[in-house]
Amino acid sequence: MTAPQLKEGHHVRLLQGGSEFFPALIAAIDASVHEVWLETYIYNFDTAGEQVAVALERAALRGVRVYLVMDGIGTPHIPEVWAERLSKANVRWHRFSPLGRWGLLVPVVWRRLHRKLCVVDRHTAFCGGINILDDYFDLGYGVLESPRFDFAVAVEGPLVADTYRAMVQFWDRMEITRQLKQMDFKDARHTWKDSKRSAASVGMVQTDRGDVARAGMSAMLVLRDNLRNRNRIERTYRKAIAGARSEVLIANAYFLPGGNLRRALIQAAKRGVRVRLLLQGRYEYFMQYHGARTVLGVLLAAGIEIHEYSVGFLHAKVAVVDGRWATVGSSNLDPLSLLLAREANVVVDDVPFAQSLRACLEVAMNTQGQQLNAQTFAQRPWRQRALDRLAFGVMRLLLLLAGRRY
């Protein structure tokens with residue numbers, strides 16, 4: 001399959017945190033005329049979630065076609081009152097691959113919908129790492145003392161059609177799967193034919209909101225799935241890092257890169273590129289926290305700077321290379337994102353945009369992070385090192401059971 005290419009004619013707006021993302025998302029939904037497509041890993045019906053749900057309900061009630069997909073693990077259930085309200089308003093919604101009777105014991109269910117996407121009227125697309133979840137709330141920890149550190153983008157331009165096409169195709173595949181499970185082969189055959197027609201027609205649809213090519217920013221959508229785009233996001237990162245001349249700056253919540261990506265970072269540092277990582281400093285999950293620490297020592301020894309975000313939870317999945325190339329999306333640099341989950345990142349080649357994102361990361365590293373010392377890290381207690389090796393070994397074993405090597 002042909003790799004996505006940067007295209008000109010985009011307007012891309014950086015949105016930091018839910019305080020910027022949710023008002024922009026709700027405003028776009030409220031302005032919708034034809035259709036709204038929304039995908040998320042977590043949909044929590046807290047204050048932010050209910051505000052988005054009300055906007056979706058309003059849109060559906062005025063005749064807009066609304067499609068909502070939530071991951072079946074990230075969103076284990078929907079409150080009954082909201083399930084009824086959304087259905088009554090004619091919002092079409094699905095929970096993707098809910099856990100069955102065997103739970104996580106079946107490796108196929110580890111392949112999750114982790115991307116966060118929205119397309120409104122085929123004119124505006126949203127992409128990033130922000131779930132439909134209040135910045136000050138965590139499902140595992142409750143109320144947070146500081147907001148979650150995360151980003152999204154709002155985009156106008158050619159990649160909106162690519163985003164729309166991906167979302168329509170995913171929805172249609174879910175419909176076919178659902179109907180086949182119900183043994184409704186006739187409806188499944190019609191859905192398959194409709195999906196081919198809808199996917200083919202995306203590029204031909206014209207919006208009535210004017211040309212956005214005035215902005216002239218180059219951008220592209222990069223997807224990861226378990227079919228034709230298995231390594232697309234990782235290859236995009238490696239290509240950018242390999243071409244770096246002065247700086248690589250990455251902020252990532254769950255960081256455990258495979259051998260190729262680790263070598264790309266180390267090679268960049270060896271040729272004089274300043275490589276800096278902003279990673280999650282708080283303990284959240286055993287596997288991600290301890291497994292990641294097995295590779296940090298190697299990176300520190302290669303001269304890579306590692307800062308741990310310490311004032312709250314870091315959830316960002318962003319990067320800036322040479323102050324020009326930037327990416328914002330849902331993909332962590334760990335095996336779950338790079339090998340198993342459906343992910344989506346937007347890549348932008350634009351100096352003002354990249355510098356804006358870089359400035360946010362600089363502030364976080366300088367005022368909200370703690371830099372790791374290579375010598376101190378190497379001398380961490382033996383018990384912690386044992387837990388690190390245990391987590392890494394278990395993760396590799398689980399990946400082998402899922403048919404993946406890392």
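Structure data summary
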| read-out | value |
| --- | --- |
| Among residues of region 8-33, those that are in contact with a helix residue (DSSP H, G or I) (Cβ under 7 Å, 6 or more places away or on another chain) and either open to solvent by 70 Å² or more (accessible area, probe 1.4 Å) or not in a loop (DSSP other than H, G, I, E, B) (or both), counted | 11 |
| All positions within region 341-397 that are touching a residue at least 40 places away in the same chain (Cβ under 8 Å), over 30 Å from MET220 (Cβ atoms), among the aliphatic types (A, V, I, L, M) and in a helix (DSSP H, G or I) | ALA374, ALA378, LEU387, LEU390, ALA391, VAL394, MET395 |
| The lone exception for ILE130 - which of (1) in a loop (DSSP other than H, G, I, E, B); (2) surrounded by fewer than 24 Cβ atoms within 10 Å (Cβ to Cβ) it fails | (2) |
| Qualifying residue in region 119-132 (condition: in contact with a Lys or Arg (Cβ under 8 Å, 6 or more places away or on another chain) and over 24 Å from ASP334 (Cα atoms)) | yes |
| Any hit, region 213-236, residues being over 19 Å from the mean Cα position of the chain (by Cα), at pLDDT below 90 and exposed (fewer than 14 other Cβ atoms within 10 Å of the Cβ) | yes |
| So ALA268, is it in a helix (DSSP H, G or I), at negative phi and modelled with pLDDT under 95 | no |
| Region 350-406 - residue that is among the aromatic types (Phe, Trp, Tyr) and out of contact with any helix residue (DSSP H, G or I) (no Cβ under 9 Å at 6 or more places or on another chain) and, of those, surrounded by the most Cβ atoms within 10 Å (Cβ to Cβ) | PHE353 |
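Conditions (1) hydrophobic (A, V, I, L, M, F, W, C); (2) touching a Cys at 6+ places or on another chain (Cβ under 9 Å), marked per residue:
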site: SER87; (1), (2): no, no
site: HIS94; (1), (2): no, no
site: ARG111; (1), (2): no, no
site: LEU139; (1), (2): yes, no
site: ASP150; (1), (2): no, no
site: ALA154; (1), (2): yes, yes
site: MET167; (1), (2): yes, yes
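The values are calculated or read from the model by the stated rules, or taken from the named source; none is laboratory data. Only a predicted model underlies this, so the values are computations on that prediction, with no experimental measurement involved. Note that each Cβ is placed from the backbone with ideal geometry, even for glycine, and that neighbours are counted across all protein chains shown. Surface accessibility is based on the protein's heavy atoms, side chains included, excluding ligands, DNA and RNA. Shrake-Rupley method; radii C 1.70, N 1.55, O 1.52, S 1.80 Å.
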